[in-house]
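The values are calculated or read from the model by the stated rules, or taken from the named source; none is laboratory data. The structure presented is a predicted model; accordingly, all values stated were derived computationally and were not measured. Please note: Cβ atoms are built from the backbone with ideal geometry, for glycine as well, and neighbour counts cover all protein chains shown. The area values use the complete protein model at the heavy-atom level, side chains included, leaving out ligands, DNA and RNA. Shrake-Rupley method; radii C 1.70, N 1.55, O 1.52, S 1.80 Å.
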Amino acid sequence: MILFRPVGQKEMDLIEQSGFTAFPPRLPEQPIFYPVLNFEYAEQIARDWNATTPPYAGFVTRFEVEESYASQFEVHTVDGRQHQELWIPAEELEAFNQHILGKIEVVDKFV
């Protein structure tokens with residue numbers, strides 16, 4: 001399953017530190033990790049949210065996760081059909097990272 005994740009500069013730095021193989025643990029106030037199902041939604045978040053708050057940088061990442069693993073998570077639609085995301089509980093993120101196939105790619109940026 002191909003997924004996208006909009007991220008800001010701090011999260012991008014941590015992804016880079018992992019060798020583009022993992023997403024960083026969630027902060028205590030972030031109980032859900034939510035990759036999105038389409039590029040347009042990720043682009044909207046990176047451009048309109050991440051890039052408009054300090055340090056004014058937004059990135060769209062693309063990555064693949066084993067379909068059999070990802071299918072256990074429910075797809076949530078928020079504010080319109082295009083806005084679909086998987087909700088991964090924060091405590092599952094380490095296991096989720098182990099099911100990423102290949103590298104996390106940066107496919108767009110807004111700086």
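Assorted remarks:
- Potential extension, Glu67-Lys10 segment - 0.36 nm per residue separation minus Cα distance: 17.7 nm
- Mean projected area in nm² (Cα convex hull; one quarter of hull surface) for the range 11-72: 5.1
- Approximate shape of the chain as ellipsoid semi-axes (Cα gyration tensor, √5λ), whole Å, largest first: 20, 17, 13
- Accessible solvent surface per residue of the chain, calculated while the other protein chains remain in place, 1.4 angstrom probe, Å²: 57
- Spatial separation of Cα centroids for the range 67-92 and the range 1-29, in angstrom: 16
- Here the range 28-111 is treated with +1 on each Lys and Arg Cβ and -1 on each Asp and Glu Cβ, and its dipole about the Cα centre works out to around 320 debye.
- For the range 14-69, the dipole from Cβ point charges (+1 on Lys and Arg, -1 on Asp and Glu) about the Cα centre works out to 180 debye, to the nearest 20.
- FRET E, pair Ile32, His99, Förster distance 22 Å, beta-carbon r, rounded to 0.05: 0.80
- Percent carbon-and-sulfur accessible area, the range 1-40, ignoring ligands, DNA and RNA, probe 1.4 Å: 61
- Note on the range 67-111: with neighbouring protein chains present and a 1.4 Å probe, carbon and sulfur make up 46 percent of its accessible heavy-atom surface.
- 5 angstrom amide H check on Val107, placed H, neighbours 5+ away: Val60, Thr61, Arg62
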